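Shown below is the structure under consideration.
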Amino acid sequence: MGNSKSGSLSKDILEELQLNTKFTAEELRAWYQSFQKECPSGRITRQQFQSIYAKFFPDSDPKAYAEHVFRSFDANGDGTLDFKEYVIALHMTTAGKPSQKLEWAFSLYDVDGNGAISKNEVLDIVTAIFKMISPEDVKHLPDDENTPEKRAEKIWSFFGKKDDDKLTEEEFIERTLANKEILRLIQFEPQKVKERLNEKEKNA
């Protein structure tokens with residue numbers, strides 16, 4: 001856990017985050033100051049995380065998706081994130097290596113945390129993603145993926161699974177790396193998310 005209650009970012013955590021993310025020391029220090037302002041206790045709650053996430057998507061409803069993202073990064077299940085967990089969350093969702101992003105994506109889709117993904121869990125996450133897509137953008141989606149149900153069906157068929165089958169992490173990562181269509185379907189416009197994150201931090 002991060003030494004989040006001190007006035008400045010500790011050298012150990014700064015070095016660890018620089019090693020494990022692509023962020024610079026300057027970016028990390030700036031984000032730490034912003035984090036401290038938003039979360040004086042040094043920890044961010046689920047509700048605070050949802051509120052911050054909502055600022056990235058002012059024209060949509062990201063609450064359900066933010067809740068799933070929070071769950072996937074709350075490593076010890078205590079209902080809060082410290083600064084280190086928060087930065088790793090930002091890194092994994094915006095700048096991580098493809099395999100890292102997919103490890104995270106698996107944990108996102110594994111809603112009950114049992115180590116395997118079901119078709120219903122895919123539908124849960126896709127439904128949350130659709131709440132962040134503007135009605136105008138939905139109009140431009142292909143007919144076979146313009147509803148959460150259709151998109152979940154399309155994803156599941158790409159994995160070659162029957163309705164009651166389960167998907168392991170290894171299968172999920174291997175098949176997604178081999179098929180860009182799956183990657184596109186499980187992450188709605190990740191570049192836009194990255195742009196909004198960067199814009200938010202520049203203005204912090």
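The values are calculated or read from the model by the stated rules, or taken from the named source; none is laboratory data. The structure displayed is predicted, hence computed values, not measured ones. All Cβ positions, glycine included, derive from the backbone under ideal geometry; neighbour counts span all protein chains shown. Ligands, DNA and RNA are excluded from the accessible area calculation, which covers all protein heavy atoms including side chains. Shrake-Rupley method; radii C 1.70, N 1.55, O 1.52, S 1.80 Å.
At q = 0.11, 0.20 Å⁻¹, what log₁₀ I(q)/I(0) does a Debye calculation on the Cα points of region 1-70 give, no solvent, two decimals?
Those come out to -0.32, -0.92, one per q.
Please give the FRET efficiency for residue 146 paired with residue 11, using the beta carbon to beta carbon distance and R0 = 41 Å, rounded to the nearest 0.05. Walk me through the numbers on the way to the answer.
Details: r = 50 Å, r/R0 = 1.22.
It comes to 0.25.
For the chain, what is the convex hull (Cα atoms) projected area averaged across all directions, in square nanometres?
Average projection, Cα convex hull of the chain: 11.3 nm².
Which whole-Hz ³J(HN,Hα) couplings does region 25-33 yield from phi under the Karplus relation 6.51 cos²θ - 1.76 cosθ + 1.60, θ = phi - 60°, glycine and proline marked x?
4, 5, 4, 5, 5, 5, 5, 5, 4
For region 60-122, what is the charge dipole size about the Cα centre, in debye to the nearest 20, if Lys and Arg each add +1 at the Cβ and Asp and Glu each add -1 at the Cβ?
Charge dipole of region 60-122: 280 debye, to the nearest 20.
Another question, if that's okay. Roughly how many nanometres apart are two label points built 7 Å out from the Cα toward the Cβ at residue 174 and residue 60?
Distance between the two pseudo-spin positions: 3.2 nm.
Towards the positive end of the charge dipole of the chain, with charges on Cβ (+1 Lys, Arg; -1 Asp, Glu), say which of 32, 138, 125 has the farthest Cα.
32
Roughly how many percent of the accessible protein surface of region 1-105 is carbon and sulfur, given a 1.4 Å probe and a whole-percent answer?
Result for region 1-105: 50 percent of the exposed heavy-atom area is carbon or sulfur.
Here is a follow-up. If you average the alpha carbon positions of region 18-58 and of region 79-113, how far apart do those two centres end up, in angstrom?
Measuring centre to centre over Cα atoms gives 14 Å.
Also: Once you place label points 7 Å from the Cα toward the Cβ at residue 137 and residue 25, how far apart are they in nm?
Result: 3.7 nm between the two label points.
Something else about it: Please compute the modelled spin-label separation between residue 112 and residue 33, points set 7 Å along Cα→Cβ, answer in nm with one decimal.
Label at residue 33, label at residue 112, 4.7 nm between them.
So what's region 63-163 giving for Rg/Rh, alpha carbon basis, Kirkwood Rh from the mean inverse pair distance?
When Rh is taken as the Kirkwood radius, the ratio is 0.99.
Here is the link list: 55/119; 154/180; 22/84. Which ones come out longer than 19 Å on Cα distance?
Flagged as over cut-off: 55/119.
Now for a different question. For the chain, what does the accessible surface come to per residue with a 1.4 Å probe? Please give it in Å².
I get 53 Å² per residue for this part.
Then there's this: Treating only the Cβ atoms of Lys and Arg (+1) and Asp and Glu (-1) as charged, compute the dipole magnitude of the chain about its Cα centre; round to the nearest 20 debye.
For this selection, approximately 620 debye.
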